[in-house]
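Student: Quick one: structure below, then a few questions.
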């Protein structure tokens, strides 16, 4: 087996002396901490780039090292505010114009994904728009985690790798050894994901049936499955207002559930979300660091996906399969 060791230049080199193409990892301001953690795992330095603002607030980018012919990875979550997306686009353009051999857009959280189809008159498909922008800006490849809708992969006309936070979340709950466990999908859209979690955890599956009268408004209908006297884990891809998952937790508690946990890939946490979680029956919520968080409440535990993302980036760099990571 070939072992990789860090070289002084920041490239990965084989111990047998055979050199790999140079590799550089850069980060926007939204994902700098995650990028540094990825670099620490891979034992390579974080690339030197200034990502700042002009006096009028526009994004300014300057890459301060030679990347000609390099395999470049740019790590940046692209959710709101729009500056995050602009940072990614401008950094992609800068890398492409600096003659990078290949540029990979690593988006741990793919923003603007909610409008992924034209479901009403005069509505945009913003997920497709963002996919076009990332491609036109210079990305040769894209890597992201837990898309809001799987069909967004088809919006990209470049190679696209879709990772899942499941291995990180599942490992955490397996180590907890929670007895008499039921995995609950908080809505119809998350049933497939919840079924995969239930299978890996050896748990039964239940579903919360809900309807949404208007955006960011949730009305719980009923519980499909048996949760009475059982411990429950709710899994979802993203939490923003917290209404869906907290109302689902309340309905599950009314149905007789004991301890209620939640596992979420992306913690967006809009205003009022922490208060809803605190007032809900959720005993502990687990999120990952796809987004930058500061001062999380004690009831929310953050897990890192740096190892998973770093492994995927190294496999892309070495032109190896990522299939075993898609679980």
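Student: Given labels modelled 7 Å from the Cα in the Cβ direction, how far is it in nm from residue 33 to residue 151?
Tutor: 3.6 nm
Student: Quick one: what do you get for region 166-303 if you divide its Cα Rg by 2.2 N^0.38 Å?
Tutor: Taking the Cα Rg and dividing by 2.2 N^0.38 Å, one obtains 0.95.
Student: Follow-up. Residue 125 to residue 303: extension gain in nm, 0.36 nm per residue of separation minus the Cα-Cα distance?
Tutor: Between residue 125 and residue 303, full extension yields 60.9 nm more.
Student: Would you mind calculating the relative contact order of the chain from Cα pairs under 8 angstrom and at least 6 residues apart, reporting the percent as a whole number?
Tutor: Normalised by residue count, the contact order of the chain is 12 percent.
Student: Using Cα centres only, tell me the gap between region 132-167 and region 48-104 in whole Å.
Tutor: Between the Cα centre of region 132-167 and that of region 48-104, the gap is 18 Å.
Student: Is region 94-165 best put as rounded, prolate or oblate by its Cα gyration tensor, with a ≥ b ≥ c the root eigenvalues, rounded for a/c under 1.5, and otherwise prolate when a/b is larger than b/c, oblate when not?
Tutor: Note, shape of region 94-165 comes out oblate.
Student: Quick one: what does P(r) look like for the chain with 20 Å bins over all Cα pairs, in whole %?
Tutor: Histogramming the chain at 20 Å steps yields 31, 54, 15, 0 percent.
Student: Another one. Sequence gap at least 6, Cα distance under 8 Å: using those rules, report the relative contact order of region 89-140 to the nearest whole percent.
Tutor: Rounded, it is 49 percent for region 89-140.
Student: Please give the contour-minus-distance gain from residue 324 to residue 65: 0.36 nm per residue of separation, less the Cα-Cα distance, rounded to one decimal in nm.
Tutor: Length gained between residue 324 and residue 65: 89.9 nm.
Student: State the antiparallel share, in %, of DSSP beta bridges confined to region 166-303, rounding to the nearest 5.
Tutor: 15 percent
Student: As a test, work out the antiparallel percent of DSSP beta bridges whose residues both lie in the chain, rounded to the nearest 5.
Tutor: Among the beta bridges of the chain, antiparallel pairing accounts for roughly 25 percent.
Student: So, one more: Based solely on its DSSP helices, what 222 nm [θ] is calculated for the chain when runs of n ≥ 4 H residues each add -39,500 (n - 2.57) and the sum is averaged over all residues, nearest 500 deg cm²/dmol?
Tutor: When only DSSP H runs of four or more count, the value is -8500 deg cm²/dmol.
No lab work stands behind these numbers, since they all come straight from the coordinates. All figures in this text were calculated on a predicted structure; none of them were measured in a lab. Every residue, glycine as well, gets a Cβ built from its backbone with ideal geometry; the counts of neighbours run over all protein chains shown.
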